[in-house]
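Here is the structure we will look at, set down as structure tokens.
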Amino acid sequence: MHPPPSLLRRGLVPVVAALALLTTAASSAAAAWEPCGSLITAPLSPPVSADDPCPSTDPVVCRIRVLPYGEKVEAQRTRMRYHGLLEDMHRTEANMREAGASDEEIARELVDMRNQAKEITRAGMSPEEVRILEERNTAKYGNPLGPTADQLYAKYGSWQQVIDASMRTSYAVDRELSLEYRPCPV
């Protein structure tokens, strides 16, 4: 004899609900253990000849490609420190939002922090590397450290987009240094 369908449903619904909760809890736990910050994705590639054509339009990427291995390792470490400073920016944004700051106030603070982060990370670079970065930024933004908050606002049209832009990292530079940046939860 088969149980009536209503009894079957009453017995299965709690089991299905329990399985759904366990699956959700497991995926939440897995997400909590996701690596974040500056992640090394592969071994650094060996340097290429300066005569080798560079596939990138970014002069920084082209410079990294030809660095001797030891300098490339140091460039990777410097980039990882820069990613750590981006993490500080994410925490600052969260703290400022909690304190009731406006998008404009947050954007201005984060653009300043990003420019300070550039100065800090460039302190560990060779004068030639700094010169290349500063020439690129001066040509592009009229400022060796990069765009101002007002320039970014004029470009994007909203302070939220300025906030987002201030915490981006160059995918091409990260990839050349065998890194991936994933913001950590705040």
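Of note:
- Residue under evaluation residue 132, criteria (1) free of Cβ contacts under 8 Å to residues at least 60 places away in the same chain; (2) touching a Pro at 6+ places or on another chain (Cβ under 6 Å); (3) within 28 Å of residue 42 (Cβ to Cβ), criterion not met: (1)
- Where helices (runs of 4 or more DSSP H) fall entirely within segment 111-184, those with at least 2 residues that are among the basic types (Lys, Arg) are at 127-141.
- Residue in segment 116-130 that is within 20 Å of the chain's Cα centre (by Cα) and either modelled with pLDDT of 90 or more or among the β-branched types (Val, Ile, Thr) (or both) present: yes
- The set of residues in segment 172-186 being open to solvent by 40 Å² or more (accessible area, probe 1.4 Å) and closer than 15 Å to residue 78 by Cα consists of 175, 180.
- Test: residue in segment 33-51 that is of a type outside the set (Gly, Ala, Ser) and part of a helix (DSSP H, G or I): no
- Screening segment 63-114 for residues that are among the β-branched types (Val, Ile, Thr) and surrounded by fewer than 19 Cβ atoms within 10 Å (Cβ to Cβ) and picking the one that is modelled with the lowest pLDDT gives 78.
- Residue pairs meeting the criteria (Cβ under 6 Å; at least 6 apart or on separate chains; first over 15 Å from residue 147 (Cβ atoms), in segment 85-112; second open to solvent by 60 Å² or more (accessible area, probe 1.4 Å) and assigned to a helix (DSSP H, G or I)): 103/160
- Matching residues in segment 115-131 - criterion: being closer than 24 Å to residue 88 by Cα and either among the polar types (S, T, N, Q) or open to solvent by less than 40 Å² (accessible area, probe 1.4 Å) (or both): 115, 116, 117, 118, 121, 122, 130
- Residue in segment 28-43 that is more than 19 Å from the chain's Cα centre (by Cα) and modelled with pLDDT of 70 or more present: yes
The values are calculated or read from the model by the stated rules, or taken from the named source; none is laboratory data. Bear in mind that the values here come from a model prediction, so they are computed numbers and not experimental data. Every residue, glycine among them, receives a Cβ derived from its backbone with ideal geometry; neighbour counts consider all protein chains shown. Accessible surface areas use protein heavy atoms only, side chains included; no ligands, DNA or RNA. Shrake-Rupley method; radii C 1.70, N 1.55, O 1.52, S 1.80 Å.
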